[in-house]
Amino acid sequence: MKKSLRDKIYKKLKTQITQGILSPDERLIEDRLTREFKASRSPIREALRLLESEGFLTFERNRGISVAKLSIKQVDGEMAREYMQLHLELIKVALIKQLNNERKVAF
């Protein structure tokens, strides 16, 4: 399944936030994000809204968008998800390797 541009932007920003590349209280400027992601404002805004709904960003009137101060639970949860995704990928590789070896033995 092909990921939408919004999903790619969302994932990249979320990773930057959880890994500390974007610091708490750091302001995010839409114009900069549109240039960085080579995208229009719509997918940028959609990704930002989604991140705000999950508590990763805050919107303040007259201040704009900034990175929220994350709780340990948020960071641990994201790291656990990434670990599980990596673990599943490794299992897939091992299964493919095993199937290939079994095919070689069968012939």
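The values are calculated or read from the model by the stated rules, or taken from the named source; none is laboratory data. Bear in mind that the values here come from a model prediction, so they are computed numbers and not experimental data. FYI the Cβ positions are ideal-geometry reconstructions off the backbone, even for glycines, and counts take in every protein chain you see.
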Would you confirm whether or not the range 61-82 contains a residue that is assigned to a helix (DSSP H, G or I) and modelled with pLDDT of 90 or more? no
Residue list for the range 33-55, restricted to those being over 15 Å from residue 7 (Cα atoms) and under 14 Å from the mean Cα position of the chain (by Cα): 55
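Just for helices (runs of 4 or more DSSP H) wholly inside the range 1-60: which have at least 3 residues that are in contact (Cβ under 8 Å) with a residue 40 or more places away in the chain and crowded, with 16+ Cβ neighbours inside 10 Å?
Here the list reads 5-18, 41-53.
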